[in-house]
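Since the structure comes first, as structure tokens, the remarks are kept for the end.
Read the figures in this text as sums done on the coordinates, not as results from a lab. The structure presented is a predicted model; accordingly, all values stated were derived computationally and were not measured. Methodologically, a virtual Cβ is constructed for each residue, glycine included, from the backbone with ideal geometry; neighbour enumeration extends over all protein chains shown.
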Amino acid sequence: MSTTDLITVDNLVEVYADGTKAVDGISFKVRDGEFFGFLGPNGAGKSTTIKILTTLLRKTSGTVTIAGYDLEKHPKEIRKLIGVQSQDTAVDPELTGRENMMLQGELQQMHGKVLGERVDHLLEVVGLKDAADKRAGRYSGGMKKRLDLACTLVHEPKVLFLDEPTTGLDPQSRNTMWDYMESLNEKQGITIFLTTQYLEEADRLCDRLCIVDNGKIVAEGSPVGLKQEIGADAITITMESSAGATKEATKVAAKQVLSTLPAVVNTIDAEDGLTIYAKNGGIFIPELIRAFDKANIRLVSINVSTPSLDDVFLKHTGKRIRAEELVKQPSRAGFGRR
Ligand SMILES: Nc1ncnc2c1ncn2[C@@H]1O[C@H](COP(=O)(O)OP(=O)(O)O)[C@@H](O)[C@H]1O
Ligand SMILES: [Mg+2]
């Protein structure tokens, strides 16, 4: 990876016609060759940002340059350099995998033998060689996403923008997509800008990432660096409500006790209890149990973990990231429909 900046975004703002401020003054840089991530919950402004960077949506204000080209002055040059996979797959179910890709190439002014060879090569790269001449409507969800990815690669882009490319995929297809994305970045040197709601995905793939919420960047760094910033273990506890006390009153009492313990760095409300950030979790736990015992607070469960990107998100926003959908069965759209 070189240290040249490939994408520079400065104070970018997007206000939609109805007044929704989807992007609220964000600034960041993506280096040449980097696997860069935009991690955030639904509605954070990820797709809006991608649409602007890929010239599909006009920004309200701010500046963007890609490979030295100003987005406003040189959109055509930028379009040649980039590939985009939008959140909804764009493959035509009536065409075969190969036909979808050929069409994509022709739209990019590629023809004949050069295009045919490129398409063959990419079908192999994304593992669709055997299914190349089947109609895309008969592909599984994972295969459609891979075909979509291959379509974005036909014109040999330098930068790939992938908007939640694994959302809706079953775990196995998701893993396969991860492998392809990694290899595109590592073996072919393509810079990748990925958006995701999945902490694990951002953690595994990204060299660097921004955590976004409500149109703002709340944290930026490498996954390891961000997690280290927490500087404490995450201890999630649930408690039995004390006799006659509500769950909330029990939490208040517990927080009061925790505020007297020096190892505690921070305490945040979790769904069923509290998440406590404390130095040296292993040593802290006996101390916690003794203090709760004394105050007549009964613990139901204790769970100690090293910080995750979710803890980073929680620290900066006070809430947890919830991936919108849960894993669905691979889509079988097309079967028996036509
Ligand atoms: N065309 C639109 N008009 C008005 N509001 C929009 C439009 N598209 C998205 N939004 C709103 O902008 C915010 C950011 O949306 P989006 O960029 O799609 O977020 P994400 O991709 O992170 O889920 C959300 O509140 C969303 O409802
Ligand atoms: Mg989106």
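Laid out as a table, the results:
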quantity	calculated
Ellipsoid semi-axes in whole angstrom, largest first, where each is sqrt(5λ) of the Cα gyration tensor of region 136-208	18, 17, 10
Per-bin percent of Cα-Cα distances, region 1-40 [5 Å]	7, 20, 20, 21, 15, 10, 6, 3, 0
For region 55-95, Kirkwood radius (reciprocal of mean inverse C-alpha pair distance, Å)	12.1 Å
Cα-Cα separations in region 1-94 greater than 17 Å, expressed as whole percent	53 percent
Prolate/oblate/rounded label for region 99-145 (Cα gyration tensor, a/c 1.5)	prolate
C-alpha long axis of helix 171-186 to longest principal axis of the chain, angle in °	70 degrees
0 to 90° range, to nearest 10: angle between helix 97-107 axis and the chain longest Cα axis	70 degrees
Volume per residue of the C-alpha convex hull in the chain, rounded to whole Å³	175 Å³
Cβ-placed point charges (K, R +1; D, E -1), dipole of region 5-227 about Cα centre in debye, nearest 20	240 debye
Stokes-Einstein translational diffusion, region 232-306 - Kirkwood Rh over all Cα pairs, 1.567 mPa s, 4 °C, in µm²/s	107 µm²/s
Diffusion coefficient, µm² s⁻¹, Stokes-Einstein with Kirkwood Rh over alpha-carbon pairs of region 193-250 at 25 °C and 0.890 mPa s	171 µm²/s
